[in-house]
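Report on one structure; see the data block that follows.
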């Protein structure tokens, strides 16, 4: 009986131990919070009253992009120099693997550019933490069990190029007010598509944006991103089809999207995302503890 009670006590304490480990100084959650606090202090130098986006700002852009930006509600709104977004998600490592439940918290800054992304996933009760950090001209991705036990660590030129594509994607999908006057060269391909070439951190990446009949952005496709495979990376086409446009505090954005990889004739989703909330120009705020500690229910 005593052994049985001891086992029950240990099992009851495991979730608490995981939660406590999640808040240790060396955990990925703690690293993320420190980076965000530092970025928010630096972001305080951004103008308190950003100039408004005007029709004159849209004039040099291709027609499909002008339509999209108007539908997104950027005209007459402040330019965006930062945002904080929260997502629910499902993730998997391959087309035949089971889905993992996940939640993600993201801060992004544009003056200077910095992307900070923290995700918690859980499979079979085992918690996984993922931290993406793109600051200056270096990007890094770290995956750990319970935020402490290393599983994967990726950095270097290929990782930075991949995160540059992701940054461009974020601007198009989550912060369209950043697109006017951004370092992007646009080429209209037809009435419903255009190519954008974006330069940042010593990398030049491009993507084809496709718009639906109403003028909403429907897909973003790039050939310049790499897929992580263990400790190495392989260049593969990457697409992010989106749908379900909704109002997020005056910004009309796609609430649902996928991240898809393509290998030969096969295209498969490895991530499904639902945007829960987003706030712009977050300078002066504090990191929000929006993700649960430990594993996901």
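Values quoted throughout were computed directly from the atomic coordinates according to the rules given, and no laboratory measurement underlies them. Note that this is a predicted model, so its numbers are computed, not measured.
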**Asked** Within region 166-188, which residues are more than 13 Å from residue 113 (Cα to Cα) and in a helix (DSSP H, G or I)?
**Response** 169, 172, 173, 176, 177
**Request:** Sort out for me the strands (runs of 3 or more DSSP E) sitting completely within region 198-257 that have 3 or more residues that are under 18 Å from the mean Cα position of the chain (by Cα).
**Result:** 203-211, 217-222, 226-229, 242-248
